[in-house]
1. So which residues in the stretch 108-119 are in contact (Cβ under 8 Å) with a residue 60 or more places away in the chain and surrounded by 14 or more Cβ atoms within 10 Å (Cβ to Cβ), if there are any at all?
2. Are any residues in the stretch 150-160 closer than 19 Å to Ala99 by Cα and either aromatic (Phe, Trp, Tyr) or touching a helix residue (DSSP H, G or I) at 6+ places or on another chain (Cβ under 8 Å) (or both), and if so, which ones?
3. What are the residues in the stretch 131-158 that are surrounded by 17 or more Cβ atoms within 10 Å (Cβ to Cβ) and of a type outside the set (A, V, I, L, M, F, W, C), if any?
4. Of everything in the stretch 24-83 that's polar (S, T, N, Q), surrounded by 13 or more Cβ atoms within 10 Å (Cβ to Cβ) and within 15 Å of the chain's Cα centre (by Cα), which residue is modelled with the highest pLDDT?
5. Does any residue in the stretch 130-147 that is more than 29 Å from Ile168 (Cβ to Cβ) and modelled with pLDDT of 90 or more come within less than 7 Å, Cβ to Cβ, of a residue that is in a loop (DSSP other than H, G, I, E, B) and among the aliphatic types (A, V, I, L, M) six or more places away or on a different chain, and which pairs are these?
6. Would you mention how many residues in the stretch 142-169 are of a type in the set (Val, Ile, Thr), within 15 Å of Ser104 (Cα to Cα) and part of a loop (DSSP other than H, G, I, E, B)?
7. Need pairs with beta-carbon distance below 9 Å; first residue in contact (Cβ under 8 Å) with a residue 40 or more places away in the chain and within the stretch 34-54, second in a loop (DSSP other than H, G, I, E, B) and among the hydroxyl-bearing types (Ser, Thr, Tyr); sequence gap 6+ or separate chains.
8. Filter the stretch 26-66 down to the residues that are assigned to a helix (DSSP H, G or I), among the basic types (Lys, Arg) and either out of contact with any Phe, Trp or Tyr (no Cβ under 9 Å at 6 or more places or on another chain) or under 17 Å from Pro9 (Cα atoms) (or both) and list them by number.
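The values are calculated or read from the model by the stated rules, or taken from the named source; none is laboratory data. Note that this is a predicted model, so its numbers are computed, not measured. Note that each Cβ is placed from the backbone with ideal geometry, even for glycine, and that neighbours are counted across all protein chains shown.
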Amino acid sequence: MCSRAWVPPRRLAAKRATTTIPIVMESLSDVVSIGLVPNLARPGGNVTGVSGFAPELSGKWLALIREIFPRGSERPLIIELAARHRLPAIYLTRLFPEAGELLSYGPLPQVRFQRTAVYVDRIRRGARPGELPIERPTTFGLIINQKTAKALGLTIPPSLLLPADQVIE
């Protein structure tokens, strides 16, 4: 469940400020549940753009963790580490493994930003924002921090290392 606190206030403020100026947004939030648009397919009004929000990733995240920890026997370690540091073990963006966390799997920001520019271009050419569907992510990246894995005494299986977009040594 997405909370309004996850959404930068500027998006909601921009929507409240105008109903005529096109707003092209890029967001990792659930833009429907926060009230930015009524639905993704036909957002209506003056707001459109690209969403990186992908709740279906939670299943993929679980599969990735299970591949690293194939036996339930590691579950107490995962729970203890997450509880002690109050952090999840897998993240949405590459910033976390680049900063020393274990791994991330999520929509690629550069793709979202490129698609956002396409929306701006389409609107400049006459498209109405409310008729442009909010795009959902289709391209995802897996980033693994091998240094962190070694520090935790983990062996990342080749089945994860090979398809990874980046492995931090």
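1. Residues of the stretch 108-119 that are in contact (Cβ under 8 Å) with a residue 60 or more places away in the chain, as a first pass: 112-113, 115-116, 119.
Of everything in the stretch 108-119, those that are in contact (Cβ under 8 Å) with a residue 60 or more places away in the chain and surrounded by 14 or more Cβ atoms within 10 Å (Cβ to Cβ) turn out to be Arg112, Arg115, Thr116, Tyr119.
2. Going residue by residue through the stretch 150-160, those that are closer than 19 Å to Ala99 by Cα are 150-154, 156.
Residues satisfying the conditions are Leu152, Leu154, Ile156.
3. Scanning the stretch 131-158 gives Glu135, Pro137, Gly141, Asn145, Gln146, Thr148.
4. Residues of the stretch 24-83 polar (S, T, N, Q): 27, 29, 33, 39, 46, 48, 51, 58, 73.
Going one step further and asking which of them are surrounded by 13 or more Cβ atoms within 10 Å (Cβ to Cβ), we end up with 27, 29, 33, 46, 48, 51.
Then drop every residue that is not within 15 Å of the chain's Cα centre (by Cα), which leaves 27, 29, 51.
Values: Ser27: 82, Ser29: 78, Ser51: 85.
Selected residue: Ser51.
5. Pro133/Leu40; Pro133/Ala41; Ile134/Val31; Ile134/Val37; Ile134/Leu40
6. Narrowing the stretch 142-169 to residues of a type in the set (Val, Ile, Thr): 143-144, 148, 155-156, 167-168.
Of the ones still in play, those that are also within 15 Å of Ser104 (Cα to Cα) are 143-144, 148, 156, 167-168.
In the following step, the residues that additionally are part of a loop (DSSP other than H, G, I, E, B) were identified as 156.
Here the count works out to 1.
7. From residues that are in contact (Cβ under 8 Å) with a residue 40 or more places away in the chain, the pairs are Gly45/Thr19; Asn46/Thr18; Asn46/Thr19; Asn46/Thr20; Ser51/Ser29; Gly52/Ser29; Gly52/Thr93; Phe53/Ser29.
8. Going through the stretch 26-66, the residues assigned to a helix (DSSP H, G or I) turn out to be 57-66.
Retained after the next criterion (residues that are among the basic types (Lys, Arg)): 60, 66.
If the condition is that a residue be assigned to a helix (DSSP H, G or I), among the basic types (Lys, Arg) and either out of contact with any Phe, Trp or Tyr (no Cβ under 9 Å at 6 or more places or on another chain) or under 17 Å from Pro9 (Cα atoms) (or both), then Arg66 is the only one that fits.
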